[in-house]
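Encoded as structure tokens, the structure appears first; notes follow it.
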Amino acid sequence: MSALSTNLPKGYEQYSLPTMGAEQKSIYDLLSGVFKGGAGQGGLDIMGQLASGDPTAFAQREAPAMRQFEEQILPGIAGRFAGKGTLKSSMFERAAAGAGGSLAESLASQRQDIQQQAMQQLMSLGKTLLGTPTEQYGLVEKPQTDWAGLLSQLGVTGLEMIPGMAQASSMGKLASSLSSRGR
């Protein structure tokens, strides 16, 4: 339960009531897992990976740009230098490295933007749900289950009112004194 459960007043028990429906609790648990570094499900899992800078999450998004570079841009640069017979020259190497550097710079910038957006979205969702308590706690008086206390209550309230039950009332008083010694 909560920390309160160790410091309860005598004769009371703690209860808790959920403050969220099942769907809200499910979303809360997913977000909580993302913020604690665990895995969520579906979109929240991907968003969590992006927000944390997980290289595998970005590799999937960068794959098309890398494929385009390898299949179109690099061969285009090579074609320009092959026609001049300078494919193995340092000029070709510089041109290819420059194009690769531009691609890496562009991908790094996109990665940073995507990571920042994912963090902002998660924080917005988190602010909505994670500040909400999942349970409400309270105290309730424990039901009296000891026979001496029960007889004491009956002796005082019920048995004295019944004619000819004075002896029973005395039993109630005896039970009451036994009950107070046991506490």
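Checking each residue in region 55-99 for being of a type in the set (Ser, Thr, Tyr) and under 29 Å from Ala118 (Cβ atoms) picks out only Thr56.
When the test is whether a residue is at pLDDT 85 or above, of a type outside the set (D, E, K, R) and farther than 30 Å from Tyr137 by Cα, Gly48 does not pass it. Scanning region 118-137 turns up at least one residue that is modelled with pLDDT under 90, farther than 30 Å from Pro9 by Cβ and of a type in the set (Lys, Arg). State whether one or more residues within region 5-25 are modelled with pLDDT under 75 and either out of contact with any Ser or Thr (no Cβ under 7 Å at 6 or more places or on another chain) or outside the structural domain of Thr132 (by TED's automatic domain parsing) (or both). Looking for residues that are modelled with pLDDT under 75 and either out of contact with any Ser or Thr (no Cβ under 7 Å at 6 or more places or on another chain) or outside the structural domain of Thr132 (by TED's automatic domain parsing) (or both), one finds at least one in region 5-25, hence yes.
One residue stands out among those in region 36-45 that are closer than 20 Å to Thr134 by Cα and surrounded by 16 or more Cβ atoms within 10 Å (Cβ to Cβ): the one that is modelled with the highest pLDDT, which is Leu44.
The values are calculated or read from the model by the stated rules, or taken from the named source; none is laboratory data. Computed from a predicted structure; not experimentally measured. Glycine gets a Cβ as well: all are built from the backbone with ideal geometry, and neighbour counts include every protein chain shown.
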